[in-house]
Amino acid sequence: MYSRKNAMESIPEEMTEVWSCTKDDCKGWIRDDFAFETEPVCLLCQSPMVKETKMLPLLVNTNKKQKSLSKGILIDRK
């Protein structure tokens with residue numbers, strides 16, 4: 001049985017390098033560890049992105065060679 005009095009488990013967070021979209025009205029961003037390109041382009045609006053840091057929940061990317069992999073097939077969203 002669940003109770004409201006039980007404390008929520010805290011999720012560990014850390015300062016993480018991310019790429020953020022430069023376009024003012026776009027909120028696109030991606031973690032640097034999960035980007036396929038050295039300097040990615042925003043997938044939402046195709047604008048350039050800049051490197052920043054954000055406080056985000058800790059995620060571990062087991063594939064450290066993400067940027068050297070081929071991209072795969074782009075799925076066209078119509």
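Checking each residue in the stretch 21-33 for being within 13 Å of the chain's Cα centre (by Cα) and open to solvent by 70 Å² or more (accessible area, probe 1.4 Å) picks out 27, 29, 33. Exactly one residue out of 37, 9 is exposed (fewer than 10 other Cβ atoms within 10 Å of the Cβ), modelled with pLDDT under 90 and either among the charged types (D, E, K, R) or not in a loop (DSSP other than H, G, I, E, B) (or both): that is 9.
The values are calculated or read from the model by the stated rules, or taken from the named source; none is laboratory data. Source: prediction; values computed, not measured. Here the Cβ is made from the backbone with ideal geometry for all residues, glycine too, and neighbour counts use every protein chain on show. Surface areas here come from the heavy atoms of the whole protein model, side chains and all, with no ligands, DNA or RNA. Shrake-Rupley method; radii C 1.70, N 1.55, O 1.52, S 1.80 Å.
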